[in-house]
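The values are calculated or read from the model by the stated rules, or taken from the named source; none is laboratory data. Keep in mind the model is a prediction, meaning the values are calculated, not measured. In this analysis, Cβ positions are derived from the backbone assuming ideal geometry, glycine residues included, and neighbour counts consider all displayed protein chains. SASA here: full protein model, heavy atoms, side chains in, ligands and nucleic acids out. Shrake-Rupley method; radii C 1.70, N 1.55, O 1.52, S 1.80 Å.
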Amino acid sequence: MPRRLTGFTPSGDLHIGNYFGAIAPIVARQADAGTVVFITDLHALTLEHDPALVRRRTLEFATLLLAAGVDPTACLLVVQSHVPEHTELHYLLECVTGYGEASRMIQFKEKSRRQERVRLSLLTYPVLMAADILLYDTDEVPVGEDQRQHVELARDLAQRFNSRYAPVFTVPTAVNPPVAARIMDLASPTGKMSKSAPSPAGVLRLLDPPDVLRRKVMRAVTDPGTTVAYDPDAKPGVSNLLAILSACTGTGPHELATGFGGYRELKQAVADAVVATVAPVQRRYHDLARHPEHVREILRAGAERARDLAAAKVRAAKEAIGLMPA
Ligand code: TYM
């Protein structure tokens, strides 16, 4: 059975980019793969953060992932810091990572530019992500386009370690969804929808009430002209709306474009489709959120099973790289 693994960093509120980029793809195929889903709380420490908020969001993300369909009988749902082997393998992988290749990561360049004091962990973040992936013999990593380069690094590190020391790691592949790999911000559609956007106006959060979602869609920035066409370069705003509608309905964006006479009609359809997609997730979320102990129990069980898998992999990596067993 192929192993699929993905992660979500509790550094802001989950939005429909996260949903279509990674949550829906993992849920759709969780029955035919050994699936592992992480709330990657250690990654949230790489930027200035509020400790209480990271803790609260970790439980919120777990609850929301369950509400979005992650099935704990089919998947492992795990908080990254509950499995200390991630930081252990992280160090071993740092020993096969070049400083140059870490500093070439696009996200590092973008995020470090915005920081006054850059944390060292921001530079080594993709190596920790590689540890997340390589600990579990992962074959496929469903992610949005922004994480593709990090998965490429995990591939490179696995290949390098295997050829230099011993064939310990499975070489993973990134899997991007066909249309929603990069959902853009509705208020500035040349930038991606992001948890850390300076304004929430263009971000459709999974826990935004339906009227807020509708308002944000109806106020989305569109493009000059009046024709509805899917052309991300020439018409980024309209194309983003078509991509969202396509992700909600399963119909291709070019085909959808032919069905609308104008922008307002398109926005109305997008608002309806987003609310129809998100409303059942919100209903389940509010039910589950009343039982945090139940969610914590799922996380405890997930961590216990993950540790068994991870411990064996760390043992093999330590031996291969030259460490003497105790
Ligand atoms: P994160 O938390 O930023 O995002 C979670 C997932 O959502 C995808 N995504 C998007 N997809 C489409 N359109 C968007 N606008 C959009 N924004 C985000 C991301 O690509 C990602 O798949 N470093 C990772 C978490 C991580 C991880 C891992 C992922 C840690 N370890 C191991 C996979 C495997 C991150 O911060 O994603």
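Some notes on this structure:
- Area of Glu265 that stays accessible when all protein chains are in place (1.4 Å probe, Å², to 10): 100
- In order along the range 244-260, the Karplus-derived 3J(HN,Hα) couplings, from 6.51 cos²θ - 1.76 cosθ + 1.60 at θ = phi - 60°, round to 5, 5, 5, 5, 6, 9, x, 8, x, x, 5, 5, 4, 4, 5, x, 10 Hz, and Gly and Pro are given as x.
- The phi torsions of the range 64-73, fed into the Karplus equation with coefficients 6.51, -1.76 and 1.60 and a -60° offset, translate into couplings of 5, 5, 5, 5, 7, x, 5, 9, x, 8 Hz, rounded to whole numbers, with Gly and Pro shown as x.
- As computed over the range 204-254, the Cα convex hull volume per residue (Å³): 83
- Relative packing of peptides 212-223, 76-87 - highest average C-beta neighbours within 10 Å first: 76-87, 212-223
- Ordered from highest to lowest accessible area with the whole protein assembly present and a 1.4 Å probe, Leu93, Leu256 read as Leu256, Leu93.
- Gaussian network model of the chain, springs between alpha carbon atoms under 10 Å - residue of Ala22, Ala154, Ala301 with greatest fluctuation: Ala301
- Per residue accessible area in Å² of the chain, where ligands, DNA and RNA are left out and the probe is 1.4 Å: 46
- Contour minus Cα-Cα distance for Thr73 and Tyr91 (0.36 nm per residue): 3.3 nm
- Sorted peptide list for 105-111, 147-153, 3-9, criterion being average Cβ within 10 angstrom, highest first: 3-9, 147-153, 105-111
- Carbon + sulfur, % of accessible area of the chain - ligands and nucleic acids excluded, 1.4 Å: 53
- Taken one residue at a time, the phi angles of the range 172-182 give Karplus couplings (6.51, -1.76, 1.60, θ = phi - 60°) of x, 10, 7, 10, 9, x, x, 10, 9, 6, 8 Hz. Gly and Pro are set to x.
- Ranking His254, His15 by solvent-accessible area of protein heavy atoms (1.4 Å probe, all protein chains present), from largest to smallest, gives His254, His15.
- Taking Cα centre as origin and charging only the Cβ of basic (Lys, Arg, +1) and acidic (Asp, Glu, -1) residues, the dipole magnitude of the chain rounds to 460 debye.
- Extending 7 Å from the Cα toward the beta-carbon at both Glu116 and Arg148 defines two label points whose distance is 3.6 nm.
- FRET efficiency, Ala279 to Glu255 (Cβ-Cβ, R0 22 Å, nearest 0.05): 0.30
- Gap separating the Cα centres of the range 261-278 and the range 96-148, nearest whole Å: 35
- With q set to 0.09 Å⁻¹, the log10 of I(q)/I(0) for the chain, from the Debye formula over equal scatterers at the Cα positions, is -0.48.
- Within a Gaussian network of the chain (alpha carbon springs, distance under 10 Å), most fluctuating of Thr173, Thr40, Thr226: Thr226
- Mean Cβ count within 10 Å, highest first, over the residues of peptides 159-166, 30-37, 198-205: 30-37, 198-205, 159-166
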